[in-house]
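Only one structure is covered here, and it is reproduced in the block below.
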Amino acid sequence: MCRPSGCKPLLAAIVSFVAGGVFPVGAAADELSLESTRWLVIHAGTVLPVPGKPPRENATIIVRNGRIVEIRDGRIDAAQIVTDTSSAHIETLELPDKFVLPGLMDMHVHLSAEVGVTGQLNHGASEEYALEHKSGMADTYDLVTAMGNAHKTLQAGYTTVRDVGSEGWHIFALRDAIDDGNIAGPRILAAGSIIHPGAESGPGACSGIESCRRITREQIDMGADVIKVRTSCRGSLPCGYETAPSIFLEDELRAIIQTAATRGLKVAAHAHGTAAIDLAASLGVDSIEHGSFNDEESRRIMRKNDVYLVPTLSVQDNIHRDIVTATGTMRAIMQNFLDKHGQGMLAAHKAGVKIAAGSDAGISKNGNNAHELEYYVEYGLTPEEAIIAATVNAADLIGMGDELGTLEPGKIADLIAVDVNPLENISALKNVSLVIQGGQIVKAP
């Protein structure tokens, strides 16, 4: 058994060792002098610096030491930008036929989960390992799965994600290894275990105010960046149906939110049923995940309390697949979900609730994150609004709007390039040809 004091360092060492031969991270830092200034000059046919504002044609993006310096009109030669080349490392990219925009962000992923070819969820070395997570083998197996999915996600143009449910130490080790530059992957904000009601001990289970405070502090001590709480069951269970009550009592949920606030952590609430949505939003969570059956009152509460909706419409792929063989009551429940989930997202948007993109990758397909944005457009958002959900709004939800989400001076240089204007065809974002994260090229045309 891997003890808490030893699991994370061991897993971090495994990440570093495996990554060295599997996923290179681009130009290695030790190839450059610590005193050198790293410049990246990008000549782009079209740039969307700030989603929601007009794009710019024929522009030069200037990046220094991983951050945006400015965007100038026209093709500006590097020699006009860098006057002192004695201690400078200069790289130039010619993208005259590309559309460049900020790196995309997914606010709801499970990197250590994967939907198998049969449609069943594979999580961990086996179901027993995944449920108990008492074995070091389970955590290590999940680490390897998460590394592969992190690679797919970054290559798909997603430079930042929020992992809202991965048990054990592996997700924190992976996050730190990516931050340290030992492996290529999206910037990860990790929740660790999902907090849920349960009388028995186990990852994330709590019952009563003191128990729920304790389990929240446990996630904080493990290094959580965000707290994830389940206020309804999964949509396939009766306690996750439209009319089901919240599975947490008000005082328990309040205790979790208040404990998270002592460390300045945001809270994401899994909620399908209307009552669960309303309770979580009224008590002050920062985002409602899924929000499948939000109604007019739900939207009023969310708008009043500035609560984001993370719709995860991509799970509809699974429902469309499974409803074919479903019968009786379950078929009716699945159809009701399909009828109301997307329409609820659109109604929330029209009511002024802010939407942050989240695909539920792991339950949906990892690396296919941009399919979520296709759903937004299918249900009535404009391509521009879908892009805002995956950039500006996502950055705001995680409290990083001053660092990410747009290509403005001083911000981290996370950007992608596609061949077709995504403001006209959102599906262009499923074919990303260039990915730059923190000023480093991690995928080239």
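Taking packing as the residue-averaged number of other Cβ atoms within 10 angstrom, the listed peptides 153-160, 262-269 run from highest to lowest as 153-160, 262-269. First check a/c for the stretch 373-421, with a ≥ b ≥ c the square roots of the eigenvalues of its C-alpha gyration tensor; if it is under 1.5, answer rounded, and if not, answer prolate when a/b is larger than b/c or oblate otherwise. Here the stretch 373-421 falls in the oblate category. Taken as Cα centroids, the stretch 234-268 and the stretch 160-218 sit 16 Å apart, rounded to the nearest whole angstrom.
Here mean projected area of the Cα convex hull in nm² was computed from the coordinates, and among [x] 21.0; [y] 29.7; [z] 22.7 the match is [x]. List the pairs from LYS53/LYS430; LYS266/LYS430; LYS354/LYS430 whose alpha-carbon separation is above 27 Å, in the order I gave them. As for pairs spanning more than 27 Å Cα to Cα, those are LYS266/LYS430. Rolling a 1.4 Å probe over the protein heavy atoms leaves GLU297 with an accessible area of roughly 80 Å². In this structure, the amide hydrogen of LYS266, modeled 1.01 Å from its nitrogen in the peptide plane, lies closer than 5 angstrom to those of ILE227, counting only residues at least 5 positions away or on a different chain. With the whole protein complex present, ASP251 retains an accessible surface near 80 Å², based on a 1.4 Å probe. The angle between the Cα long axis of helix 170-179 and the main principal axis of the chain comes to about 20°, on a 0 to 90 degree scale. With a/c under 1.5 counting as rounded, go ahead and sort the stretch 303-426 into rounded, prolate or oblate using the C-alpha gyration tensor (a ≥ b ≥ c being the square roots of the eigenvalues; past the cut-off, prolate if a/b is larger than b/c, else oblate). Prolate, because a/c is 1.5 or more and a/b exceeds b/c. Per atom type, the stretch 148-192 shows carbon and sulfur on 42% of its accessible surface, probed at 1.4 Å.
For the listed residue pairs LYS304/LYS340; LYS98/LYS228; LYS228/LYS304; LYS304/LYS365, the alpha carbons are over 32 angstrom apart in LYS98/LYS228; LYS304/LYS365.
Here each label is just a point 7 Å from Cα along the line to Cβ, and for ASP295 and ASP73 those points are 5.4 nm apart.
By the rule of a C-alpha distance below 16 Å, with chain neighbours fewer than 8 residues away ignored, the aspartates and glutamates paired with LYS443 are GLU91, GLU94, ASP414, ASP419. Take every Cα pair under 8 Å in the chain that's 6+ residues apart, average their separations, divide by the length, and report that relative contact order as a whole percent. Answer for the chain is 18 percent. Amide H contacts of ARG38 (H built 1.01 Å from N, in plane; Pro and chain starts excluded): ASN65, HIS89 sit under 5 Å, all sequence-distant by 5 or more or on other chains.
Helix 328-350 and the long axis of the chain differ in direction by around 50°, with both axes built from C-alpha atoms. In loop segments of the stretch 153-240 as defined by DSSP, the GluC sites (Glu not before Pro) with at most 15 further C-beta atoms inside 10 Å of their C-beta are GLU200.
Rounded if a/c is under 1.5, else prolate if a/b is larger than b/c, else oblate: which is the stretch 283-363, with a ≥ b ≥ c the root eigenvalues of its Cα gyration tensor? The shape class here is prolate.
Annotation: amide H-H contacts under 5 Å for GLY165 (H modelled 1.01 Å from N, sequence separation of 5 or more, or interchain): ALA191, GLY192.
Roughly speaking, what is the stretch gain from GLU403 to LEU249, that is 0.36 nm per residue apart minus the C-alpha to C-alpha distance, in nm to one decimal?
Gain on extension, GLU403 to LEU249, equals 51.8 nm.
Output the 0 to 90 degree angle, nearest 10, between the alpha-carbon long axis of helix 4-22 and the longest principal axis computed from the alpha carbons of the chain. Between helix and principal axis, roughly 40 degrees.
The values are calculated or read from the model by the stated rules, or taken from the named source; none is laboratory data. The model shown is predicted, which means the values in this text are computed figures rather than measured ones. Please note: Cβ atoms are built from the backbone with ideal geometry, for glycine as well, and neighbour counts cover all protein chains shown. The area values use the complete protein model at the heavy-atom level, side chains included, leaving out ligands, DNA and RNA. Shrake-Rupley method; radii C 1.70, N 1.55, O 1.52, S 1.80 Å.
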